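The structure appears right after this line, and notes come after that.
The values are calculated or read from the model by the stated rules, or taken from the named source; none is laboratory data. Predicted model, so just to flag it, every value in this text is computed and none were measured. Cβ placement follows ideal geometry from the backbone for every residue including glycine, while neighbour counts extend to all protein chains displayed. Surface accessibility is based on the protein's heavy atoms, side chains included, excluding ligands, DNA and RNA. Shrake-Rupley method; radii C 1.70, N 1.55, O 1.52, S 1.80 Å.
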Amino acid sequence: TGSLYDEFGHCRAQAATATEPASACAPQHWGPYNHTIRGQGNDWPAVAHTMLGHVRLVNIRQVLERVLADHVPGDFAEIGVWRGGACIYAKAVLAAHGVTDRRVHVFDTFEPMRHQYREAADYLAASEEAVRHNFDKYGLLDDGVRFFKGRAEDVLPSLRSDRPIAVLRIDANYYEGYIAALHHLFPLVPPGGYVIFDDI
């Protein structure tokens, strides 16, 4: 969450302009760190692998541990991953429980969202290579992590899977992404599984 780097504070993306974008959240765009706001995931960290904050990360751990305890079959999937932190955390929770037969599916465009967040589009973008590198930093990049690049409505229709998804987290940031995720992935969630909606 970047909480260990509180000296960097948060990214005041709204202070960016078209001529001076918050591409990497340069120091002139840093605002003060607030532990409560960061814990709830209500700011944009200047330095972090996830924006979720501690509360939403705990939610991921709780539902993963619940599906494990209840023997609900299936993988973890997230639509919209930014720098990969939530998926990395999910993979770490599974690893901590010695689970090796559940995959983590990583869905993202891995490109700037210029149609939605023009001035902060570069800050909000993370390449697939960067996300893979972040997994590798934690020693969690293996064959159990699968990457899918593209907009949800373009990628999901071609996805053919007989593997259930025990925990589906949707952070698509736009209507069509949510609808595509629900249409194509929700049928793969078995009874006892979870669907987590972010930002709505």
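Side notes on the structure shown:
- Just the protein heavy atoms count here, and of the accessible area of the stretch 35-131 at 1.4 Å, carbon and sulfur take up 51 percent.
- Amide H contacts under 5 Å for R169, placed H, 5+ residues apart: A77, E78, I79, I196
- Taking amide H positions as modeled 1.01 Å from N, with prolines and chain starts lacking one, the residues under 5 Å from V145 and 5 or more places away or on another chain are V104.
- Given their separation in residues at 0.36 nm each and the Cα-Cα distance between them, D199 and S158 gain 12.2 nm when the chain is fully extended.
- Annotation: cysteines of the chain without a disulfide-compatible partner (Cβ-Cβ under 4.7 angstrom) are C87.
- Averaged over its residues, the stretch 60-200 has an accessible area of 49 Å² per residue, based on protein heavy atoms and a 1.4 Å probe.
- DSSP bridge pairs, the chain: antiparallel proportion in percent, nearest 5: 15 percent
- Global geometry of the stretch 35-90, whether rounded, prolate or oblate, following the gyration tensor of its Cα atoms and the 1.5 cut on a/c: oblate
- Angle in degrees between helix 128-137 and the longest Cα principal axis of the chain, rounded to the nearest 10: 80 degrees
- Protection proxy ranking, peptides 190-200, 76-86, average beta carbon neighbours within 10 Å, highest first: 76-86, 190-200
- Annotation: amide H of Y33 within the under-5 Å range of G9, H10, sequence separation 5 or more or interchain, hydrogens built in the peptide plane.
- Rh by Kirkwood over Cα pairs, then Stokes-Einstein D for the chain at 0.692 mPa s and 37 °C, µm²/s: 190 µm²/s
- C-alpha long axis of helix 85-96 to longest principal axis of the chain, angle in °: 40 degrees
- Alpha-carbon centroid distance for the pair the stretch 158-200 / the stretch 20-77, whole angstrom: 19 Å
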